Amino acid sequence: MRILLRKIHQSRQPFRLEREKVVCQGEFWRSGSHEVTVEGVVEGDLDLQCDRCGEAYEESVREPFRVAVVDRPLKVEDSLDVIECPDGYVDFDMLCESETAAIRSEYHVCPKCGADETFEEIEI
């Protein structure tokens with residue numbers, strides 16, 4: 001789903017995207033003359049890989065997010081993530097894929113390794 005940034009109003013509008021077993025939903029609104037805020041949550045069952053044993057496993061996630069989407073470089077003083085859209089469109093598919101990829105890139109431990117109390121991690 002792509003929406004032209006200049007067509008987005010100040011009133012909050014809902015969005016919902018489903019990809020496989022993951023739902024990305026929330027609200028978006030114009031928060032400045034060249035800025036839109038997107039706030040929502042990624043939730044569902046993600047296929048992950050254990051960072052200890054390398055085995056694939058599935059885990060339920062619920063991860064909130066808040067990003068600013070701008071159509072030109074702006075100074076953002078809040079602690080928001082900023083995504084530039086030089087073509088003027090807010091791409092919700094790309095935004096949800098990016099948030100899902102961020103979750104996958106975090107450190108994950110499968111239930112088997114998480115229950116193994118004899119495993120000792122060493123920082124190198």
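Some values worked out for this structure:
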| read-out | value |
| --- | --- |
| Considering residues of region 18-37 that are assigned to a strand (DSSP E or B) and of a type in the set (S, T, N, Q) only, the residue farthest from the chain's Cα centre (by Cα) | Ser31 |
| So Arg16, is it touching a His at 6+ places or on another chain (Cβ under 7 Å) and not acidic (Asp, Glu) | no |
| Failed criterion for Glu18 (all others in (1) touching a residue at least 24 places away in the same chain (Cβ under 8 Å); (2) surrounded by fewer than 12 Cβ atoms within 10 Å (Cβ to Cβ) hold) | (1) |
| Single residue of region 81-105 satisfying the filter (over 12 Å from the mean Cα position of the chain (by Cα) and not in a strand (DSSP E or B)) that is modelled with the lowest pLDDT | Pro86 |
| When residues of region 21-43 are limited to those that are surrounded by fewer than 16 Cβ atoms within 10 Å (Cβ to Cβ) and among the small types (Gly, Ala, Ser), the one farthest from Ile103 (Cα to Cα) | Ser33 |
| Enumeration of residues in region 19-41 that are among the β-branched types (Val, Ile, Thr) and closer than 12 Å to Val67 by Cβ | Val36, Thr37, Val38 |
| Conditions (1) in contact (Cβ under 8 Å) with a residue 40 or more places away in the chain; (2) farther than 15 Å from Ile103 by Cβ; (3) surrounded by 13 or more Cβ atoms within 10 Å (Cβ to Cβ); number of the one not met by Leu48 | (2) |
| Residue in region 63-80 that is surrounded by the most Cβ atoms within 10 Å (Cβ to Cβ), counting only those that are of a type in the set (Lys, Arg) and at pLDDT below 90 | Arg72 |
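The values are calculated or read from the model by the stated rules, or taken from the named source; none is laboratory data. Model, not experiment: these values are computed from the prediction. Reconstructed Cβ throughout: ideal geometry from the backbone, glycine too, with neighbour counts over all protein chains shown.
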